[in-house]
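What follows is a short report on a single structure.
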Amino acid sequence: MFDHILITGGAGFAGSSLAIALRHRFPATRVTAFDNLYRRGSELNLPALAAEGVAFVHGDVRSPEDLRALRDAPSLIIECSAEPSAQAGYGGSPEALIRTNLDGCFHCLEYARTVRADFLFLSTSRVYPVAALNALAFREEATRFVLEDAQRTAGASAEGIGESFPLEGARSLYGMTKLAAELMIAEYADAYGMRTVIDRCGLIAGPRQMGKSDQGVVALWVAAHYFRRPLRYIGFGGQGKQVRDVLHIGDLCDLITGQVERFDLYAGGLFNAGGGVGRSASLVELTAICEEVTGNRIAIGSEPATRPADLRIYATDHRRLTAAGGWRPRRDVRTAAADIFQWIRREETSLRPLLGQ
């Protein structure tokens, strides 16, 4: 078992949730959250980390000196730091995106190599090419688009997208940085005998997520309903029928703690991690869930034009991951929305400036 786990991006949504879950599961293990607090709202997670006995270090993965300055070397690094927006870099320079997601991963890998730490990387479903995903056979139903079971592309079916889906083609600047990081991890593992795990996570949702128009759509939708802010259905005709599966943060924590506990079982693996078709929703369906959970209705506009890197349908085929260790998601989209609602209601005063504008 690992005696010290370092989580980069450890004050963010996923990182802080994982840090707390790991402390609960392995109370004898030291857990350190490493974060530059760049993202607004991450500072609100520091009291919860401290209360659970998670050490916090203010540092930046873009600076290898910050990593080398850590007093105690970890035996496992969980790389959660990222600029997570699929819209990042469009209309401007991608430098900040690349420095955070690609250079940052390189610095973490180098640090792991020098201290002989194992490495677990939170990648993304956005590594799959946009045009190929949007060219899949689908049908239109009353409230959503649905993937057909018969597909000409490997790795695609009514179950969603599997790891064998082809990687040729453009995927977004964000997706490029994560795929490039995956390739770098594979080379480090081969060259230096490092033990690594890569999880390609779908759309994650839950409390502590600072939802924006280009990331964290479930949190964005719940917050807009709670604070009565207008929204828009963007792209694919502006009907709100585009679909994503949802991975509740609690299910992600269950997955990662299980991988940490049985690292030998997962080492060398690359897995799609997501809620799957059974835990998916279109924007129209998410609106109905938010109305039910919050009791509020809001104005929702329509913008038919599709943005770069937007997807008609994405659902995770997680059967490889389930076969590897038995993990499967247990919480549905309504549970994610209800948990976010309860969090916003508890923390309304501090969250209003961040989510209520």
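Hey, among the residues in segment 77-121 that are out of contact with any helix residue (DSSP H, G or I) (no Cβ under 7 Å at 6 or more places or on another chain) and aliphatic (A, V, I, L, M), which one's surrounded by the most Cβ atoms within 10 Å (Cβ to Cβ)?
Across segment 77-121, the extreme among qualifying residues is Ala112.
Which count do you get for residues in segment 29-58 that are out of contact with any strand residue (DSSP E or B) (no Cβ under 6 Å at 6 or more places or on another chain), small (Gly, Ala, Ser), more than 11 Å from Ala11 (Cβ to Cβ) and in contact (Cβ under 8 Å) with a residue 24 or more places away in the chain?
Qualifying residue count, segment 29-58: 1.
Would you tally the residues in segment 180-213 being farther than 30 Å from Arg345 by Cβ and either in contact with a strand residue (DSSP E or B) (Cβ under 8 Å, 6 or more places away or on another chain) or free of Cβ contacts under 8 Å to residues at least 24 places away in the same chain (or both)?
Counting residues in segment 180-213 that are farther than 30 Å from Arg345 by Cβ and either in contact with a strand residue (DSSP E or B) (Cβ under 8 Å, 6 or more places away or on another chain) or free of Cβ contacts under 8 Å to residues at least 24 places away in the same chain (or both) gives 18.
Test each condition in (1) within 17 Å of the chain's Cα centre (by Cα); (2) within 25 Å of Ser302 (Cα to Cα); (3) surrounded by fewer than 22 Cβ atoms within 10 Å (Cβ to Cβ); (4) at pLDDT 95 or above for Thr257 and report the one that comes out false.
(2)
Residues to consider are Arg331, Arg320; find the one that is over 17 Å from Leu220 (Cβ atoms) and not in a helix (DSSP H, G or I).
Sole residue among the options that is over 17 Å from Leu220 (Cβ atoms) and not in a helix (DSSP H, G or I): Arg331.
Pairs please, first residue from segment 262-277 and closer than 12 Å to Phe119 by Cα, second anywhere and surrounded by 19 or more Cβ atoms within 10 Å (Cβ to Cβ) and of a type in the set (D, E, K, R), Cβ atoms under 8 Å, 6+ apart in sequence or on different chains.
What qualifies is Phe263/Asp118; Ala267/Asp118.
What tally of residues in segment 151-175 results from selecting those that are in a loop (DSSP other than H, G, I, E, B), hydroxyl-bearing (Ser, Thr, Tyr) and touching a residue at least 12 places away in the same chain (Cβ under 8 Å)?
Residues meeting the conditions: 2.
Within segment 106-114, does at least one residue satisfy the condition of being outside any helix (DSSP H, G or I) and either of a type outside the set (Lys, Arg) or in contact (Cβ under 8 Å) with a residue 24 or more places away in the chain (or both)?
No, because not a single residue in segment 106-114 is outside any helix (DSSP H, G or I) and either of a type outside the set (Lys, Arg) or in contact (Cβ under 8 Å) with a residue 24 or more places away in the chain (or both).
Any residue in segment 279-294 that is polar (S, T, N, Q), in a strand (DSSP E or B) and farther than 30 Å from Arg345 by Cβ?
No, every residue in segment 279-294 fails to be polar (S, T, N, Q), in a strand (DSSP E or B) and farther than 30 Å from Arg345 by Cβ.
Taking only segment 282-303 into account, find how many residues are over 24 Å from the mean Cα position of the chain (by Cα) and either on the phi < 0 side of the Ramachandran plot or among the aromatic types (Phe, Trp, Tyr) (or both).
11
Output yes when any residue across segment 304-325 is over 21 Å from the mean Cα position of the chain (by Cα) and closer than 21 Å to Ser123 by Cβ, and no when none is.
Yes - at least one qualifying residue is present in segment 304-325.
When you look at Ile185, is it at pLDDT 95 or above, in contact with a Gly (Cβ under 7 Å, 6 or more places away or on another chain), among the hydrophobic types (A, V, I, L, M, F, W, C) and crowded, with 23+ Cβ neighbours inside 10 Å, yes or no?
no
Name the one entry in Glu83, Glu79 that is in contact with a strand residue (DSSP E or B) (Cβ under 7 Å, 6 or more places away or on another chain), closer than 26 Å to Gly275 by Cα and either of a type outside the set (Gly, Ala, Ser) or modelled with pLDDT of 95 or more (or both).
Glu79
Output the qualifying pairs, or none if there are none: Cβ atoms under 7 angstrom, residues six or more apart or on different chains, first residue in segment 334-357 and at negative phi and of a type in the set (A, V, I, L, M), second residue loosely packed, with under 13 Cβ neighbours inside 10 Å and not in a helix (DSSP H, G or I).
Close Cβ pairs (under 7 Å, with a partner that is loosely packed, with under 13 Cβ neighbours inside 10 Å and not in a helix (DSSP H, G or I)) amount to Leu354/Arg40.
Here's a check for you: in segment 188-217, which residue that is among the hydroxyl-bearing types (Ser, Thr, Tyr) and farther than 21 Å from Phe341 by Cα is surrounded by the most Cβ atoms within 10 Å (Cβ to Cβ)?
The residue in question is Thr196.
Would you tally the residues in segment 176-199 being assigned to a helix (DSSP H, G or I) and either under 19 Å from the mean Cα position of the chain (by Cα) or among the hydrophobic types (A, V, I, L, M, F, W, C) (or both)?
13
Within segment 1-16, restricting attention to residues that are modelled with pLDDT of 95 or more and surrounded by fewer than 24 Cβ atoms within 10 Å (Cβ to Cβ), which residue is nearest to Leu220 (Cα to Cα)?
Taking the candidates together, the pick is His4.
Can you confirm whether segment 324-332 contains a residue that is in contact with a Phe, Trp or Tyr (Cβ under 7 Å, 6 or more places away or on another chain), farther than 20 Å from Asn134 by Cα and not basic (Lys, Arg)?
Yes, because at least one residue in segment 324-332 is in contact with a Phe, Trp or Tyr (Cβ under 7 Å, 6 or more places away or on another chain), farther than 20 Å from Asn134 by Cα and not basic (Lys, Arg).
The values are calculated or read from the model by the stated rules, or taken from the named source; none is laboratory data. Source: prediction; values computed, not measured. For neighbour counting, all protein chains shown are included, and Cβ atoms are generated from backbone atoms with ideal geometry for every residue, glycine included.
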